[in-house]
Amino acid sequence: MLPYEALEAEARARLPEAVFDYYAGGAGDEATLVDNTAAWTRVRLRPRVLRDVSSVRTATELLGTPLASPVLVAPTAFHSLGHPEGELATARGTREAGSLLVLSSRASRKVEDVAAVAGPWWLQVYVFKDRGLTRALVQRAVASGARALVLTGDTPVVGRKRRDRGDAELPLPEEDFLANLEGLTRRELAEQASDATFVDIHWLRDLSGLPVLVKGVLRSDDARECLRHGASGLIVSNHGGRQLDGAVSTADALPEVVEAVDNAVPVLVDGGVRTGRDVLRALALGARAVLVGRPVLWGLATGGADGVRGVLDALREDTVRALALAGVSDVSAVGPDLVAPNRPR
Ligand code: FNR
């Protein structure tokens with residue numbers, strides 16, 4: 001069994017079934033969920049030989065933040081379902097691994113408390129219909145030291161997940177459900193679908209004074225529109241296969257977005273990244289960094305902060321191995337020559 005599969009199996013054994021299904025599941029027939037991982041393995045590599053790879057560097061920098069490796073923690077909701085310390089454990093483990101946490105708007109611990117134990121972090125934002133909710137959360141994040149905002153653009157409504165049993169089945173106390181969105185009821189939150197359009201990139205920038213990245217971009221025209229509206233970075237994502245089932249896998253969408261952006265801002269990618277080879281593939285296709293969602297949740301569920309750190313450290317080590325095998329001694333030197341053209345499908 002691959003290490004990822006073993007970790008997922010261990011998390012599955014520990015978590016209540018409804019929680020495992022909530023974390024693991026995708027929308028619709030889960031076609032996009034499955035394709036996300038499969039698509040990375042379809043990307044064929046062209047390793048170099050006889051290079052000095054006695055020391056391999058994974059350290060990088062993103063929007064001014066130094067990182068141990070180009071692997072970040074994707075925003076995922078409700079970490080207290082996976083571990084009693086919730087996002088506090090995730091934040092500590094992420095910091096210890098030298099990575100960066102993107103904190104979900106649906107975190108189950110307060111922004112201020114997470115910030116107190118976190119290393120560098122960004123806030124993921126939904127623009128709720130009641131803009132006052134978003135404004136208040138963004139202002140708290142700025143006051144707590146968030147270094148950027150990540151506007152999720154792919155959630156005008158929430159995708160239907162077939163493994164979903166409804167929020168009532170999740171063992172999540174009310175105060176965890178609405179940790180950062182006080183004054184709402186669960187039902188009101190469910191009705192607060194995202195209300196964002198391109199102009200909100202500017203709105204969020206003006207409101208926060210922070211760089212705004214847009215998450216969920218899968219097309220060149222959208223990428224260009226985001227840049228026109230002031231985005232400081234793009235995240236190619238299909239929400240881990242949890243929104244429109246049938247959407248293109250992120251490995252397949254990445255080259256189109258990278259080409260459209262033409263180095264103007266960093267392009268990141270998430271969805272199905274499970275190994276150091278996947279990290280290498282993403283970088284070779286033009287991503288500056290990747291984010292991982294479920295692997296971190298499994299680390300959290302099996303070992304709290306240490307588990308999160310363990311997952312990120314293991315991915316970093318696996319990236320070192322992949323780079324060495326490809327004949328590359330520094331992540332910054334990964335280029336498109338490492339990918340074979342005419343990828344078999
Ligand atoms: C997510 N994701 C997500 N994205 C976001 O912008 N805001 C959020 O609150 C959440 N919540 C969330 C919960 C759970 C349980 C999952 C699995 C995912 C999507 C997430 O940021 C990311 O795009 C995917 O998880 C990446 O795919 P992998 O690494 O999980 O395959």
Determine, for His79, His239, His229, the number of other Cβ atoms within 10 Å of each Cβ, and report the residues in order from fewest to most. His229, His239, His79
Report the full-extension gain for the segment Val49 to Ala31: residue separation times 0.36 nm, less the Cα-Cα distance, to one decimal in nm. 2.8 nm
Within the stretch 74-107, what residues put their amide N at less than 17 Å from the label point 7 Å along the Cα-to-Cβ vector of Val158? 75-82, 104-107
Can you list the residues, at least 5 places off or on another chain, whose amide H is less than 5 Å from the amide H of Arg57, using H built in the peptide plane? Asp330, Val331
Please arrange Val248, Val258 by counting, for each residue, the other beta carbons lying within 10 Å of its beta carbon, fewest first. Val248, Val258
How far apart, in nm, are the 7 Å Cα→Cβ label points at Ala9 and Thr41? 1.6 nm
Taking the Cβ of each residue in Val53, Val150, Val265, Val236 as the centre, tally the other Cβ atoms inside 10 Å and list the residues starting with the fewest. Val53, Val265, Val150, Val236
Can you tell me the alpha carbon radius of gyration of the stretch 115-244 divided by the globular rule-of-thumb value 2.2 N^0.38 Å? 1.09
Calculate, in nm to one decimal, what Asp195 and Arg321 gain on full extension: separation in residues at 0.36 nm each, minus their alpha carbon distance. 41.1 nm
Taking the Cα centre of the chain as origin, sum charge times position over the Cβ atoms of Lys and Arg (+1) and Asp and Glu (-1), and report the length of that vector in debye to the nearest 20. 700 debye
Could you tell me the largest-minus-smallest coordinate of the C-alpha atoms of the chain on each of the three principal axes, in descending order and whole angstroms? 62, 47, 39
Within the stretch 108-127, list the residues whose amide N lies under 17 Å from a label point set 7 Å along Cα→Cβ of Thr65. 111-126
Using a Förster distance of 22 Å, the FRET efficiency for Glu17-Glu175 (Cβ separation, nearest 0.05): 0.40
Mean Cβ-within-10 Å packing, highest first, puts peptides 181-187, 317-323 in the order 317-323, 181-187
The chain: calculated mean residue ellipticity at 222 nm from DSSP helix runs of at least 4, using -39500 (n - 2.57): -13000 deg cm²/dmol
Enter the angle in degrees (range 0 to 90, nearest 10) between the Cα long axis of helix 250-261 and the first principal axis of the Cα atoms of the chain, meaning the one along which they spread out most. 80 degrees
The chain: angle of helix 294-326 to the longest principal axis, Cα-based, in degrees nearest 10: 20 degrees
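Since every read-out is calculated from the coordinates, none of them should be taken as a lab result. Everything numeric here is computed off the predicted structure, so don't read it as measured data. Glycine gets a Cβ as well: all are built from the backbone with ideal geometry, and neighbour counts include every protein chain shown.
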